[in-house]
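Shown next, in structure tokens, is the structure this report addresses.
The values are calculated or read from the model by the stated rules, or taken from the named source; none is laboratory data. Keep in mind it's a predicted model, so treat the numbers as computed, not measured. Positions of Cβ are generated from backbone atoms using ideal geometry, with glycine treated the same way; all protein chains shown enter the neighbour counts. Side chains included, ligands, DNA and RNA excluded: accessible areas come from the protein's heavy atoms. Shrake-Rupley method; radii C 1.70, N 1.55, O 1.52, S 1.80 Å.
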Amino acid sequence: MSDRLLEMEEFATKTGPKGVINDWRRFKLESMDQENLPPAKKELLRQMSTPGKPQEDGRSALNRKMSVQEYELLKEEDEGCLKKYRKRCMQEMHDKLSFGPRFEGVHELDSGEAFLEVIEKEHYSTVVVVHIYKVGVKGCEELNNCLDCLALEYPSVKFCRIDAVSSGAAERFSDEVLPTLLVYKAGDLLGNFLACTQHLTGEFFATDVEAFLNSYGLLPEKELAGVEDEEENDVE
């Protein structure tokens, strides 16, 4: 059996009802402060970690029913531990399901050739957002600032910008249609928003641009910042 198939089998085993319970049990045992446990609980923990029946292998030991004493030990301080466990599970799922390149910041394109290359040669799973702008045109500078923020929030999206003059198609992108947002994936044009600031309020922010793109389903789901923020708030 290939390594990939073994990995998939392990993931499927862990995500079934019994697998989730066993994985939670293992995580709780590993995360407990064993040094400060009372002697009786230490002994119970030892028995749980190394079941007494020598004929039990690792899998059958995990699948055995949980005793009342074991339950009492595991349920203590469950709330904090459960949050850590949830974060770990979400991170593992994200790591397994995420693929494709990662980006930092907004990429400046300096020519029409660079514009075509980023559309045609980028990874097929990557959403490419291109802002066509011109210095001095209302809304262009503000939109550039918004994309700088969104690029940090969505590292799997490739945000780019190009001056209309540098694109070699200035006649097609007159001041009246700027700023323009173009959205591509796998070489296909998914969104073509001319004078896109007309869809936003007079004073707009990154969250407004985010909501606009999300209204067309053009941005992927955000990553795990929400879980991390929740844990930071709990610490405070």
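The requirement of being at pLDDT below 60 and open to solvent by 60 Å² or more (accessible area, probe 1.4 Å) is not satisfied by residue 73. Pairs are defined by a Cβ separation below 9 Å, a sequence spacing of at least 6 or placement on different chains, a first member in the range 191-214 that is without any contact (Cβ under 8 Å) to a residue 40 or more places away in the chain and more than 12 Å from residue 178 (Cα to Cα), and a second member that is open to solvent by 80 Å² or more (accessible area, probe 1.4 Å) and assigned to a loop (DSSP other than H, G, I, E, B); the pairs so defined are 191/216. Against the test of being buried (at least 17 other Cβ atoms within 10 Å of the Cβ), more than 18 Å from residue 104 (Cβ to Cβ) and either modelled with pLDDT of 95 or more or touching a Pro at 6+ places or on another chain (Cβ under 8 Å) (or both), the options 146, 140 yield a single qualifying residue, 140. Restricting the range 159-209 to residues that are open to solvent by less than 80 Å² (accessible area, probe 1.4 Å), among the aliphatic types (A, V, I, L, M) and part of a loop (DSSP other than H, G, I, E, B), the residue that is nearest to residue 101 (Cα to Cα) is 186. Looking across the range 107-153, just one residue is among the charged types (D, E, K, R), in contact with a Cys (Cβ under 9 Å, 6 or more places away or on another chain) and outside any loop (DSSP other than H, G, I, E, B), and that is 108.
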